[in-house]
Amino acid sequence: MRLSQFHLRTTKETPNDAELVSHQLMLRAGMIRKLASGLYTWSPLGLRVLRKVEAIVREEMNRAGAIELLMPTIQPRELWEESGRWAKFGPQLLKIKDRKEQEFCYAPTAEEVITDFARNELSSYKQLPVNFYQIQTKFRDEIRPRFGVMRSREFLMKDAYSFHLHADDLVREYRNMHAAYTRIFTRLGLEFRAVLADSGAIGGDASQEFHVLAGSGEDALAFSTASDYAANVEAAIAAEPAPRPAPGEALRRVETPTQKTCEEVAALLGIALQRTVKSIATMSEDGFVLALVRGDHEVNEIKLGKVAGMAGYRMATEAEILEHLGSQPGFLGPVKPAKAIRVIADREVAALADFVVGANEAGFHIAGVNWGRDLPEPDAVADIRNVVEGDLAADGGQIKLARGIEVGHIFQLGKQYAQALGATVLDETGKAAVMSMGCYGIGVSRIVAAAIEQNHDANGIIWPSAMAPWQVAVCMINPKGDAAVTEAAQSLLGELQAAGLDAVLDDRGLRPGAMFADIELIGIPHRVVVSERGVAAGTFEYRARRAEAAENLDKAALFERLRAG
Ligand code: ATP
Ligand code: MG
């Protein structure tokens, strides 16, 4: 490949509407161009990288025994009615109509379509287990598309779906996919971790996410120092708190005229934030519910939603709060509400003695509060908070937090879709049995952005070798048009390609400074300069993208260096 015959268009200026480094660099390198909110064109340069990621994903899926197919991106409403998701999926689902007024959606995922395929194609247990996958465009009408292809509306996903007769087969395939994903992200040269994920109604550890570790990641991840326990903060669990101490203080009403937050109240009273309690007013199927977490903790909405009776809860309105607690927000608490209410205490709150809550009266809190003495024991005690750095982990270690970008998700789905769509096969005894399913996603286009978040410097992208648009750039400096230099550059390109290296010749005739800046910006791992001086000396100037300085090498030494990676 010669760059003079390619479309490369870089810019020096950092686009001011791009927040993340990966988004800035992808625009500056000319890898992507925005068409509309969350919609991007992949330029020839960007597409080279995307295709390299795709190829590795495909190779490893094939190696793991999955079978590739291709499903439409437009899916009929009827199928989504069968699964019950037409109404449930929410505004991320882009619904469209054809000329006959028939309704369709643009695929955000493909459980319905693959289950339909499976119910028609699979009839006997002898065809199982089987894992079908595709690498296909998805559309989700994200509420806030941002960060370029990191969270776009249209994106490329690898989605796989496995079908099983027996639960242990599903577990085996789930582990097989875990191993395949580990190989994929290792080959891509990324620093990643698999973490336990929230698996919705199914529970257990039936779901894991793969995250590329990066400070800019949208997800908070929790790790234990004592074991390989790792979980998305959405799902992470800390150790049980120590038993509740005996009451030591008398109940007292304290004036807090302007102090509404736990921090302000703790500062006024000169007590630790850990002894204050936040009251979160919600409405659930059981009516008004006050959820309590310590002042230094945050409610975890997913965990709270899993407490019995809390599925689909919402925040209470000011009018509902006034009706049930007789107070305005800022001074709420579980002691002596205006009406009988339900109280859900986080485990840590249930283990507190002598704590501080709002008095349900503007300008007042109460301190020295104790369960059983000053208010009834909570109606429910549950883990409803996010873990925080330094928490004791269940394994005795300490919780550390890091940030990650979700690039993959594996999931034991069970029978829900197969049941809803009637996807059965005949089992060993000739009886119809509903199949179990697993599903396994990879955000192919997001990986490109995630890799840049992890690998860049002030001069641009630094591709891991496997993802680079080219591994080697041969930069020809030949202002006089010396035939020997052109000849040397072209024959080096041929030799590199013959050695199995993906190489490009920069024959655009740019000045060295501009040429080198481009090659660094677009992140080529190896740069080789062919110049008049080098040709005369029989050497090439070589520089690895991360190296401090260039060095002059003869051809044998150059190839040795390149082969070493
Ligand atoms: P997120 O939590 O980031 O919204 P998700 O959990 O909804 O993602 P999945 O349904 O698990 O996503 O989809 C599989 C993979 O597709 C994700 O792991 C992610 O890498 C990728 N992905 C999901 N949404 C987007 C998006 N809007 N843009 C780019 N990639 C995405
Ligand atoms: Mg996910």
### Task
Among the candidates 149, 195, single out the residue that is among the β-branched types (Val, Ile, Thr), under 19 Å from the mean Cα position of the chain (by Cα) and near ligand 1 (Cβ under 10 Å from one of its atoms).
149
### Task
Please state which of the following conditions residue 108 fails to meet, knowing it meets all the rest: (1) within 16 Å of ligand 2 (Cβ to nearest atom); (2) farther than 28 Å from residue 58 by Cβ.
(2)
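Across the stretch 414-462, which residue is surrounded by the most Cβ atoms within 10 Å (Cβ to Cβ) among those that are away from ligand 1 (no atom under 16 Å from the Cβ) and closer than 30 Å to residue 11 by Cβ? I'd like the intermediate steps shown before the answer.
We begin by selecting, within the stretch 414-462, every residue away from ligand 1 (no atom under 16 Å from the Cβ); these are 414-415, 418-436, 455-462.
Add one more test, that the residue is closer than 30 Å to residue 11 by Cβ, and what stays is 455-462.
Numbers: 455: 20, 456: 18, 457: 12, 458: 5, 459: 14, 460: 23, 461: 27, 462: 19.
Ranking the qualifying residues of the stretch 414-462, first place goes to 461.
Can you say whether residue 93 is over 25 Å from residue 516 (Cβ atoms), in contact with a Cys (Cβ under 7 Å, 6 or more places away or on another chain) and not small (Gly, Ala, Ser), as far as the supplied structure shows?
Values: over 25 Å from residue 516 (Cβ atoms): yes; in contact with a Cys (Cβ under 7 Å, 6 or more places away or on another chain): yes; not small (Gly, Ala, Ser): yes.
Spelling it out, residue 93 is indeed over 25 Å from residue 516 (Cβ atoms), in contact with a Cys (Cβ under 7 Å, 6 or more places away or on another chain) and not small (Gly, Ala, Ser).
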#### Entry: Every pair of residues 6+ apart whose Cβ atoms lie under 7 Å, when the first sits in the stretch 330-356 and is under 20 Å from residue 269 (Cβ atoms) while the second is among the hydroxyl-bearing types (Ser, Thr, Tyr)
332/279; 333/279; 334/279; 355/276; 356/276
### Message
I'd like the full set of residues that are surrounded by fewer than 20 Cβ atoms within 10 Å (Cβ to Cβ) and of a type in the set (A, V, I, L, M, F, W, C), limited to the stretch 224-236.
### Response
226
### Task
Please list, ordered by first then second residue, the pairs with beta carbon atoms under 9 Å, 6 or more apart or interchain, first in the stretch 397-410 and outside any strand (DSSP E or B), second of a type in the set (S, T, N, Q) and more than 9 Å from ligand 1 (Cβ to nearest atom).
397/224; 397/225; 397/227
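Find the residue count for the stretch 219-240, including only residues that are of a type in the set (Phe, Trp, Tyr) and either within 16 Å of ligand 1 (Cβ to nearest atom) or not in a loop (DSSP other than H, G, I, E, B) (or both). Give the derivation first.
We begin by selecting, within the stretch 219-240, every residue of a type in the set (Phe, Trp, Tyr); these are 223, 229.
When the remaining residues are screened for being either within 16 Å of ligand 1 (Cβ to nearest atom) or not in a loop (DSSP other than H, G, I, E, B) (or both), the result is 223.
Of the residues in that region, 1 qualify.
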### helices (runs of 4 or more DSSP H) lying entirely in the stretch 21-93 (those with 2 or more residues that are open to solvent by 40 Å² or more (accessible area, probe 1.4 Å) and closer than 26 Å to residue 144 by Cα)
21-28, 85-88
### Task
Would you check if residue 347 is in contact with a Pro (Cβ under 7 Å, 6 or more places away or on another chain) and basic (Lys, Arg)?
yes
### Message
Against the definition (open to solvent by 20 Å² or more (accessible area, probe 1.4 Å) and without any contact (Cβ under 8 Å) to a residue 40 or more places away in the chain), how does residue 502 come out, yes or no?
### Response
yes
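Residue 96 - would you say it is part of a strand (DSSP E or B) and either in contact with a strand residue (DSSP E or B) (Cβ under 7 Å, 6 or more places away or on another chain) or more than 24 Å from residue 180 (Cα to Cα) (or both)?
Details: part of a strand (DSSP E or B): yes; either in contact with a strand residue (DSSP E or B) (Cβ under 7 Å, 6 or more places away or on another chain) or more than 24 Å from residue 180 (Cα to Cα) (or both): yes.
Yes; evaluated as a whole, the condition is true for this residue.
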### Query
Does residue 447 satisfy being part of a helix (DSSP H, G or I), within 16 Å of ligand 2 (Cβ to nearest atom) and touching a residue at least 60 places away in the same chain (Cβ under 8 Å)?
yes
## Note on the structure
Being touching a strand residue (DSSP E or B) at 6+ places or on another chain (Cβ under 9 Å) and modelled with pLDDT of 95 or more narrows 151, 193, 183 down to just 193
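For the stretch 387-396, give me each residue that is within 30 Å of residue 179 (Cβ to Cβ), touching a strand residue (DSSP E or B) at 6+ places or on another chain (Cβ under 8 Å) and outside any strand (DSSP E or B). Break it down stepwise before answering.
Keep residues of the stretch 387-396 that are within 30 Å of residue 179 (Cβ to Cβ), which gives 387, 393-396.
After this cut, where a residue has to be touching a strand residue (DSSP E or B) at 6+ places or on another chain (Cβ under 8 Å) as well, the list is 387, 393-395.
387, 394, 395 - these are the residues of the stretch 387-396 that are within 30 Å of residue 179 (Cβ to Cβ), touching a strand residue (DSSP E or B) at 6+ places or on another chain (Cβ under 8 Å) and outside any strand (DSSP E or B).
Of all residues being touching a helix residue (DSSP H, G or I) at 6+ places or on another chain (Cβ under 6 Å) and away from ligand 1 (no atom under 16 Å from the Cβ) in the stretch 381-413, which is least open to solvent (accessible area, probe 1.4 Å)? Just the residue, please. Reasoning before the result, please.
Taking the stretch 381-413 first, the residues touching a helix residue (DSSP H, G or I) at 6+ places or on another chain (Cβ under 6 Å) are 381, 383-384, 405, 407-408, 410, 412.
When the remaining residues are screened for being away from ligand 1 (no atom under 16 Å from the Cβ), the result is 381, 383-384.
Working: 381: 83, 383: 34, 384: 0 Å².
Result: 384.
The values are calculated or read from the model by the stated rules, or taken from the named source; none is laboratory data. Not measured: the values here are computed from a predicted model. With ideal geometry, Cβ positions are generated from the backbone for all residues, glycine too; neighbour counts draw on all protein chains shown. Note: areas computed on protein heavy atoms with side chains; ligands, DNA, RNA excluded. Shrake-Rupley method; radii C 1.70, N 1.55, O 1.52, S 1.80 Å.
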